[in-house]
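Only the coordinates and a few stated rules stand behind these numbers; no lab work does. Predicted, not measured: the structure shown is a model, and the values here were computed from it. Glycine also receives a Cβ, built like all others from the backbone with ideal geometry; neighbour counts cover every protein chain displayed.
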Amino acid sequence: MSEQPVCFHCGDPIPPGERRSVVIDGASKPVCCAGCEAVALLISGAGLENFYRYRTGPSARPEDPQDGPDEWDAFDRPKLQQNFVRDVGEGRHEAALLIENLSCAACSWLIEHSLRRLPGVSEVQVNPASGRALVRFAPEQVTVSTLMRTLARLGYRPHPVGAGEAQSAAQRERRLALKRLVVAGFGMMQVMMFAVGLYFGAFTGIDAVYLELLRWVSWAVATPVLFYSAAPFFKGALRDLQAKRVGMDVPVSLGMIIAYSASVWQTLSHGHEVYFDSVTMFVFFLLLGRYVEMAARHKAAAATDVLTSLIPATARRVVDGVEERVAVEELELGDVVAVRPGETVPADGRIVWGQSRLDESMLTGESLPQPRGMGETVVAGSLNIANPIQLRVEQTGQNTVLSTIGRLLDRAQSERPAVARVADWIAGRFVVGVLLIAAAVAAYWLPRNPELALLTTVAVLVVSCPCALGLATPVALVAATGRLTREGLLTARGDALETLAKVTHVVFDKTGTLTEGRIAVDEVRPLADLDGDACMALAAALERHSEHPIAKAFADVAVTETADEVSVIAGAGLEGRVAGRRLRVGSPEFVAALSGATAPAIADDGGSWIALGDEQRPLALLRLADRLRPETKSVLDELRALGLHLEIASGDSHEAVAAIARRLGIRRFGARLTPADKLTRIRELQAAGAVVLMVGDGINDAPVLGGANVSAAMGSGTALAQTSASMVLLGESLAPLAEGIRTARKTTRIIRENIGWALSYNAVTIPLAAAGLLTPWMAAIGMSLSSLLVVLNARRLSRRRRQEICPPTTIEARMGEAT
Amino acid sequence: MEILFFMIPMGIVLVGLAVWAFFWAVGNGQFDDLDSPAYQILLDDDQPAKPTPPERPES
């Protein structure tokens with residue numbers, strides 16, 4: 001990596017020539033833009049420098065502070081507030097907000113402290129895990145818009161959430177699962193303790209009265225474990241039976257019920273053996289596996305109120321030429337809505353006034369903003385970039401294109417090809433097999449030796465207690481998911497790892513996945529004596545005066561001179577005076593015309609070229625493109641080395657996709673694809689027997705991500721993409737993909753080894769038990785050893801190769817920095 | 001060894017108490033966020049706001 005300095009606040013590279021800095025804790029720190037500078041000063045000025053000491057990652061780049069009325073003012077309307085603000089009595093109101101970019105404890109601390117400094121705010125609760133905040137305030141002292149504006153200026157954009165959702169379904173699910181897990185855990189420990197007494201007694205002899213005592217207390221403790229903790233398995237089994245299919249829950253429930261009933265029977269009839277320890281342990285480990293899976297899923301889905309984050313909460317309705325802010329829900333068909341540059345289109349509609357360029361990349365994957373004029377349609381969720389427009393609403397709410405994509409996603413997910421989960425399948429069949437064997441054993445012994453019949457039958461059931469089998473998958477998955485999360489790949493669905501191991505084809509979206517998803521100056525080709533940086537600075541000085549989307553590519557470039565006499569020539573470029581020099585920037589023909597030279601030749605390679613020139617000659621050619629991520633090429637090479645077929649499916653223009661595909665050496669690609677087209681392509685591959693991994697980031701990718709066998713969404717991508725994907729790439733990097741596939745393959749291998757071991761252990765012990773040769777202590781030791789072996793084998797997954805270990809930023813290190 | 005008839009039920013009662021305490025803690029939201037409290041202790045409230053507001057940069 002290059003040693004380019006990065007912004008102290010947001011971590012973005014500092015554009016060359018930018019000289020802003022802030023003084024934090026007596027040391028001068030560089031920042032990248034006015035916004036970051038303002039926030040850093042705000043934070044230090046309020047005595048909140050602690051934030052920088054304890055945050056775990058760079059902060060979000062704040063919005064440019066603007067004065068005057070803004071979008072937040074609308075939130076003072078009672079009609080809008082009724083959804084997320086409630087009266088909590090004593091003259092106080094409580095607002096529930098969903099907050100963007102809330103990533104660490106220091107962020108929540110900063111939010112709490114900056115809000116508490118506002119007059120009238122009495123209580124602030126921020127939960128970084130769910131991305132939600134509850135603020136109590138006195139409405140006569142502070143307005144909701146002030147609260148929201150304060151957050152937005154710090155770089156944390158707030159969204160209103162229904163007050164009822166403050167305690168989300170996910171939270172309730174997690175709490176219940178945690179309670180069940182702990183009951184099973186405590187129960188397991190207790191019963192194990194009693195079991196040690198029983199096993200020990202089997203060796204050395206034990207008074208009947210103590211034997212009875214230990215059995216009865218084991219029963220007492222195992223009962224809540226079975227009926228409270230294991231309840232989800234029974235419910236699942238009932239559901240499966242009603243739907244007339246045999247899932248994993250049926251044999252598991254059956255095994256638990258039989259082992260428990262047999263133990264109860266033995267306790268009551270003063271029999272030979274009880275198996276409460278096996279039952280509780282089985283329940284605990286199964287629950288543990290499910291809890292870890294659920295926690296990963298919640299983490300991936302956290303902070304996703306998909307529609308609120310895409311469609312704005314308010315719109316400007318135009319009535320008799322006057323604009324008024326209304327809630328989006330209030331919009332009706334035929335209303336005229338004004339959308340200013342920088343705002344998001346609130347509903348599908350047709351432009352009735354003005355023309356502009358709209359960024360639809362979230363919906364279509366098109367990397368460049370699309371021109372839209374009078375009479376053309378625009379879709380909700382796209383961003384207006386250039387000029388103010390007015391549109392007549394044609395579809396709202398559920399009927400918008402955005403919602404349609406959501407529905408397409410639902411369907412794709414329900415049609416996701418079912419991948420037989422090897423481990424579950426084997427474990428399920430295994431339990432059924434054991435039950436059959438037990439029945440056969442009982443049938444064999446019953447006519448011959450009725451006393452021995454029950455004993456041997458139960459011995460078969462217990463010695464084959466699928467502890468090792470039940471553990472085989474969960475422990476391996478836990479170890480692998482834990483490791484991958486540290487590497488930056490979050491697995492959100494349980495079957496992701498198993499499917500990932502079988503992947504044959506990888507299909508990439510282009511914009512925002514292979515590339516960074518924003519236009520930047522990719523290459524500067526000086527034509528005269530002026531070097532690249534100087535040319536960039538001159539072009540940037542002119543572009544500062546433009547609202548054109550191309551100007552955005554220069555937003556990061558530091559301007560040393562200011563331009564004046566700037567005029568915009570539509571469709572051609574800009575002309576102006578910088579440091580006494582007459583300059584043009586724009587299309588090569590337009591620039592060459594200033595000096596009377598012929599337009600410089602440009603290579604046709606998918607990027608768009610603009611030129612810079614003065615009155616003597618053209619000075620430089622600048623290539624604008626959506627830049628490839630720095631790691632893309634090496635990651636693709638690694639994937640190819642793993643024997644995978646690579647493809648691109650993009651909604652962007654043919655030239656742009658072809659150029660990227662050529663640079664990356666990918667032969668198969670599709671351009672101008674709609675979400676439905678992409679889904680069709682995936683289905684084609686699947687029909688030909690391929691197992692497809694889809695990697696994408698946008699709303700338009702969501703159905704495809706849902707429909708592929710396994711999918712990964714970029715961490716920087718849209719929330720909808722992340723919720724539909726089975727994995728999320730944390731951070732801005734594709735790099736963990738290759739490691740993910742390697743680990744997934746290793747995981748499958750280890751699961752197979754574990755199952756193989758558990759099965760062969762049972763192949764030896766079941767016949768012994770059936771013959772009545774196995775004493776309890778032998779069974780106990782054998783069972784423990786086989787479980788231990790399985791756990792140790794799975795531990796191999798969480799070991800990393802040495803060179804991969806990078807020093808974690810520990811609190812100690814930060815403390816050292818701070819002092 | 002008769003003491004076992006007292007000790008074992010006592011042990012179960014204690015475990016019951018522990019489970020009850022845990023349920024209360026879960027219901028109280030103490031397990032909802034396991035990451036930030038670790039930092040909370042390091043973030044002091046004892047730095048007063050500086051008396052003069054900082055100069056806002058031109059923007």
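Evaluate E = 1/(1 + (r/R0)^6) for A:Leu238 and A:Ser261, where r is the Cβ-Cβ distance and R0 equals 22 Å; express this FRET efficiency to the nearest 0.05. Could you put the intermediate results ahead of the total?
Details: r = 17 Å, r/R0 = 0.79.
For R0 = 22 Å, the calculated efficiency reads 0.80.
Kirkwood-based Rg over Rh for segment A:312-399 (C-alpha set), two decimals?
Details: Rg = 11.7 Å, Rh = 12.6 Å.
Radius of gyration relative to Kirkwood radius: 0.93.
Label-point separation (nm) for A:Ala597 and A:Arg796, each offset 7 Å from Cα along Cα-to-Cβ?
Computed distance between label sites A:Ala597 and A:Arg796 equals 6.5 nm.
Could I get the Rg over Rh figure for segment A:169-301? Both from C-alpha atoms, Rh via Kirkwood, rounded to two places.
Details: Rg = 16.7 Å, Rh = 15.9 Å.
In segment A:169-301, Rg relative to Rh is 1.05.
So for A:Thr515, A:Thr504, fewest C-beta neighbours within 10 Å to most, what's the order?
Working: A:Thr515 22, A:Thr504 15.
The order, fewest Cβ neighbours first, is A:Thr504, A:Thr515.
Give me the net charge of A:Arg745's neighbourhood, meaning all other residues with Cβ under 12 Å from the Cβ of A:Arg745; Lys, Arg count +1, Asp, Glu -1. Spell out each step's value before the answer.
Values: positive: A:Lys502, A:Arg742, A:Lys746, A:Arg749, A:Arg752; negative: A:Glu498, A:Glu739.
Here the charged neighbours net out to +3.
Fewest Cβ neighbours within 10 Å first, please rank A:Asp240, A:Asp564 accordingly. Don't jump to the answer; show the numbers that get you there.
Numbers: A:Asp240 16, A:Asp564 10.
So the ranking, lowest neighbour count to highest, is A:Asp564, A:Asp240.
Report the net charge of residues surrounding A:Ser229, where surrounding means a beta-carbon distance below 9 angstrom and charges are Lys +1, Arg +1, Asp -1, Glu -1.
Working: positive: A:Lys179, A:Arg180; negative: none.
Once positives and negatives cancel, what remains is +2.
Could you pull out every residue, at least 5 positions away or on a different chain, whose amide H is within less than 5 Å of the one on A:Tyr275? Hs are placed 1.01 Å off N in the peptide plane, and Pro or chain starts have none.
Result for A:Tyr275 returns A:Ser263.
Once you have the Cα-Cα distance between A:Arg668 and A:Arg19, take 0.36 nm times their residue separation minus that, and quote the gain in nm to one decimal.
229.1 nm
Using a Förster distance of 25 Å, how high is the FRET efficiency between A:Leu642 and A:Ser608, based on the Cβ-Cβ distance and rounded to 0.05?
0.10
To the nearest 0.05, what FRET efficiency results for A:Ala442 and A:Arg749 with a Förster distance of 41 Å applied to their C-beta separation?
Working: r = 38 Å, r/R0 = 0.91.
Efficiency, rounded to the nearest 0.05: 0.65.
Plugging the Kirkwood radius over Cα pairs into Stokes-Einstein for segment A:518-628, at a temperature of 10 °C and a viscosity of 1.306 mPa s, what D comes out in µm²/s? Before the final figure, lay out the partial values.
On the way: Rh = 13.6 Å.
Approximately 117 µm²/s, per Stokes-Einstein.
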